[in-house]
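Here's the structure we're looking at; comments come further down.
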């Protein structure tokens, strides 16, 4: 008995000491690494048979498993043992590549990792290190997190590998690199000449990255030495997310790029989206296409410019213009709005299965009646909506050049039920707030003006154009139904006090596996137009609507 107790005590001293969350690498022995990563070593000494070891563990992870798996990974990473750290994850190859580059390509050394308090299987940790390149050195500090998962084949507790474990700004396929930047820095200015910074306007982080990538080499600056995120190559036809600077060892000399942004409206937009989770908004000037403000609650991805989301009933602005042109609807003529409508084998519903008996198209548009549009599907060709979006509203051509990466909307040709769903902004239709602000702008101004953030005269680029405009009659009809929606329809509460030179449309887009739909809103007031989305927010009139309306009011009074 005494001998067995002494063996247990000796074994116990080999476990890693975790004091105040700091991993003490010096006391980690080989037995711990073998046991925690491969399920052998100390377990075999206790007489556990091979058959027992092969049993697959299932069920939720215990606190001990989360602690052991996260400690094994952090301990190995801190000690520079890439092989062992990667083996503590569920994707050894990807982890090996990124962790190797952490030291070799990013030139990061003297790494200290401090584990925070786990929350279930999520484990936060702090990173302190040193970046050194060609005699220049700077400290690096940031916070990241990992999630411990159970491997399906054997039930082992491992770190679920994502590039963001190494740094929160990394996406899978990205790299960390320290060296002479290929692109000089820029100083971005607002429309009045004031400097734009991510510290002052947090939503502009990705915008500033995009401006640097496009204009850095031509704006007159000189490159410095930086630690930066080098993004993976974009898929064919997609916009590449700009590289991101994380730390400047040598700042370089910035060039200057002037934008169309209004400092007052940008500050308002930042404040308004911060009050709601997952909100995005864009404000622009219809007569010119100038973008005056752009903001997102989350600052890691510019949903307002690059998002690809079903726009819900805000798409009915485009659909209505098509129905007017084809003589399938007129604002004050009777139009069906039954509780349900079937097309292509799908049964489509209105919200709460409401119906409008003996109503007009204007009433159906203002209340956002889905079936008023579905009932017209049988009279349309599969490509009618695609042509309308491209030819009149300048969308879905992948040719906008706003000055930074953007997604120009997608209205694919569809058939049967999907074609019907696209009429009300579902199916395969995808938009973002920039696209829908442009739709409202086209209605207000009477013709499409491609949005832009940097004046085209700066780099002599060609802006996208539409091939035709709506007739005066159709345009008047479209403005009438949007004005009525702003005055007495689903947008009335948000747009109160902004009339009479205004128009709006609300939307709610259903998304799989979401309890609440995405709330959309697009509107104009005078020579201002905006659009916003609150993901998982519910009805657009009460979520995105107040954000857009507040910006329209601020811009009109300034």
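Values in this text are rule-based calculations from the coordinates and carry no lab data. Note that the structure is a prediction, hence the values are computed from the model and not measured. All Cβ positions, glycine included, derive from the backbone under ideal geometry; neighbour counts span all protein chains shown.
With neighbour counts taken as other beta-carbon atoms within 10 Å, the residues 346, 161, 524 rank, fewest first, as 346, 161, 524. Rounded to the nearest 500, the 222 nm mean residue ellipticity of the chain from helices alone is -9000 deg cm²/dmol, with -39,500 (n - 2.57) taken per DSSP H run of at least 4 residues. All alpha carbon pair distances within segment 265-557 were sorted into 5 Å bins beginning at 0; the resulting P(r) in whole percents reads 1, 6, 14, 19, 21, 18, 12, 6, 2, 1, 0, 0. Calculated FRET efficiency, residue 378 to residue 240, Cβ-Cβ distance, R0 = 41 Å: about 0.50 to the nearest 0.05. Using 0.36 nm per residue and subtracting the Cα-Cα separation, the extra length available between residue 501 and residue 195 on full extension is 106.8 nm.
For the chain, the longest principal axis of the C-alpha atoms and the axis of helix 2-12 are separated by about 40°.
Helix 472-488 and the longest principal axis of the C-alpha atoms of the chain enclose an angle of approximately 60°. Averaging the sequence gap over all C-alpha pairs within less than 8 Å and six or more residues apart, then dividing by the number of residues, gives the chain a relative contact order of 11 percent. In whole percents, the pair-distance distribution calculated for segment 181-259 from its alpha-carbon pairs, binned every 10 Å from zero, is 19, 51, 27, 3. Here the extension length gained between residue 527 and residue 461 equals 21.3 nm, from 0.36 nm per residue of separation less the Cα-Cα distance. Modelled spin labels at residue 340 and residue 141, positioned 7 Å past Cα toward Cβ, are 6.1 nm from each other. The Cα center of segment 326-356 and the Cα center of segment 504-545 differ in position by 21 Å.
Extending 7 Å from the Cα toward the beta-carbon at both residue 100 and residue 391 defines two label points whose distance is 5.5 nm. Using 0.36 nm per residue and subtracting the Cα-Cα separation, the extra length available between residue 250 and residue 180 on full extension is 24.3 nm.
If the Kirkwood radius is taken over C-alpha pairs of the chain, then at 37 °C and 0.692 mPa s the Stokes-Einstein diffusion coefficient equals 125 µm²/s.
Averaging Cα coordinates gives a centre for segment 274-301 and one for segment 50-104; these two points are 40 Å apart. Take 471-484, 306-319 and order them by the average number of nearby Cβ atoms within 10 Å per residue, most first; the result is 306-319, 471-484. Consider a paramagnetic label point 7 Å from the Cα of residue 218 along Cα→Cβ; state which residues of segment 238-260 have an amide N under 13 Å from it. Counting only backbone N, you get 257-258.
By the count of other C-beta atoms within 10 Å, a proxy for reagent exposure, 190, 332, 383 are ordered fewest to most as 332, 383, 190. Put the Cα centre of segment 191-268 next to the Cα centre of segment 126-159 and the gap is 26 Å. Given a cut-off of under 8 Å on Cα pairs at least six residues apart, what relative contact order in percent is computed for segment 265-557? This gives 23 percent for segment 265-557. Residue exposure proxy: 455, 512, ordered by other Cβ atoms within 10 angstrom of their Cβ from fewest to most, comes out as 512, 455.
Between the Cα long axis of helix 92-104 and the first principal axis of the chain there is an angle of about 80°, rounded to the nearest 10.
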